[in-house]
Structures are given as structure tokens and as C-alpha cells.
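Q: Below is a structure I'd like to ask you about.
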Amino acid sequence: MSTSKASLGILISGRGSNMDIIIRACQANQINADVAIVISNNPNANGLILANSLGIKALAVNPRDFNTKHEYENTICELLVDHSVDLVCLAGYMKIVGNTLLKKYDNKIINIHPSLLPSFKGLNAQKQALEYGVKFAGCSVHYVNDVLDGGKIILQDIVPVSEDDTEETLSHKILEKEHQIYPKAIQKVLASFKKSEE
């Protein structure tokens with residue numbers, strides 16, 4: 001990675017609210033990087049339209065168009081390499097990352113999860129937290145490895161859980177916190193890349 005700005009690739013599946021925050025943080029120089037490309041596994045993702053409206057190249061790569069997960073991820077890797085991507089950020093990407101991507105971007109894929117990992121991995125983390133009766137929930141940015149939501153944690157933050165919180169209200173509180181910590185976590189990871197180069 002040169003001394004100039006890093007290049008980010010963002011993988012999404014839906015509305016892209018964390019993607020939006022990352023793009024805007026880059027454009028405001030809060031992250032020392034540019035978003036080079038946004039890729040969605042869902043051709044109908046609203047995030048693709050949003051990314052385009054912010055001047056970012058956004059493409060759909062539909063896994064259904066491929067015979068194997070390897071072929072699908074290999075196409076994503078080729079796009080990321082073509083755009084000189086240094087760090088891959090998952091932002092509501094609803095697929096489990098496979099070996100092809102993990103090998104190509106070893107220790108260079110990060111994700112945000114709506115719980116205080118290692119608690120409440122996987123889907124419906126907010127629902128799990130409420131059912132368990134926790135008094136604090138939160139979110140975690142972590143490296144992606146071959147264990148679901150199991151990579152090393154980069155940054156976490158907490159939100160208090162109220163007696164009257166529903167899955168919807170708790171999700172909203174956590175999402176606001178995600179928007180605060182994801183750009184900070186990206187900047188932290190990029191700084192660690194720079195250190196390892198020196």
C-alpha cells in the first residue's frame with residue numbers, strides 16, 4: 001500500500017446504511033481511504049443505487065449465476081484486485097465468506113456485527129440479546145475468518161437495554177452505534193497496515 005490513500009471495497013446485500021456512513025466518512029477525510037467499489041450479492045439491493053448516487057462504482061455479482069461458491073468468490077476477488085482494494089469491509093453482507101475470499105484477503109476483511117461478541121453470533125443477534133435478558137447490548141467490528149463472527153475484535157461499543165426495548169428499537173440503537181464505530185475501526189486497521197509496512 002502506498003503512502004497515498006488506501007482503497008476500500010465494500011460488500012453489501014441490502015440498504016447499505018453502514019456502506020453509506022463509510023463512503024461519507026472517506027469523502028470527509030475521517031478515514032484515510034477512498035471507496036473503490038461496492039459489490040452486492042443481491043442485484044436488487046438499494047445500497048447499489050445509493051452508492052451510485054454518491055459517485056461510487058457499484059456492481060451486483062449474483063451467486064446464482066455461478067456453479068460453485070469458488071467461482072462466485074473468484075469473480076469478486078478479480079473485481080477487488082482490479083480496483084486495487086487494500087481492505088474489504090462487509091456492511092450488511094448476508095453471505096458467509098468462503099475460503100476463496102479469505103485466502104486472497106487474509107486478515108484484510110472486516111465485518112460489523114450487532115452484538116458484543118463473542119455473545120450472540122449469527123442472525124437475529126438483537127432478538128437473542130433480548131431473549132437472554134441482557135442489560136447491555138452493542139456492536140463489534142471484527143476481522144473475518146473461517147469461524148462465523150469468530151475473528152479478532154477490533155472495536156466494540158455498548159448500548160443500554162431498556163425494559164421496554166423491542167427488537168426494532170434495540171436494532172435502531174445498535175445501528176446508530178455501528179455508524180459511529182465502523183469508520184473508527186477502519187481507520188484503526190489502516191493505521192495498523194501502515195505500521196506493519198514501516
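Every number in this text was worked out from the coordinates using simple rules, so none of it is lab data. What you see is a predicted model; the values in this text were computed from it and never measured.
Q: 5 Å is the cut-off here: which amide hydrogens, built 1.01 Å from N in the peptide plane, fall below it relative to V35, excluding neighbours closer than 5 in sequence?
A: Counting only residues 5 or more places away or on other chains, the set is L8.
Q: Which far-off residues, 5 or more places away or on another chain, put their amide H under 5 Å from the one on L155, with H placed in the peptide plane?
A: HN-HN under 5 Å from L155: V141.
Q: Can you list the HN-Hα couplings for region 174-189, worked out from phi with the Karplus curve (6.51, -1.76, 1.60; θ = phi - 60°), rounded to whole Hz and with x for Gly and Pro?
A: 5, 4, 4, 5, 4, 5, 7, 8, 5, x, 4, 5, 4, 4, 5, 5
Q: Over region 74-144, what is the relative contact order in percent, taking alpha-carbon pairs closer than 8 angstrom and at least six residues apart?
A: The normalised contact order for region 74-144 reaches 33 percent.
Q: Ok, one more. In region 6-197, what percentage of the DSSP-assigned beta bridges are antiparallel, given to the nearest 5?
A: Beta bridges within region 6-197, antiparallel portion: roughly 40 percent.
Q: For region 6-197, what is the largest minus smallest coordinate of the Cα atoms on each principal axis, given in angstrom and ordered from greatest to least?
A: 49, 38, 33
Q: If you don't mind, another one. Quick one: check the C-alpha center-to-center distance for region 115-183 versus region 8-59, whole angstrom.
A: 22 Å
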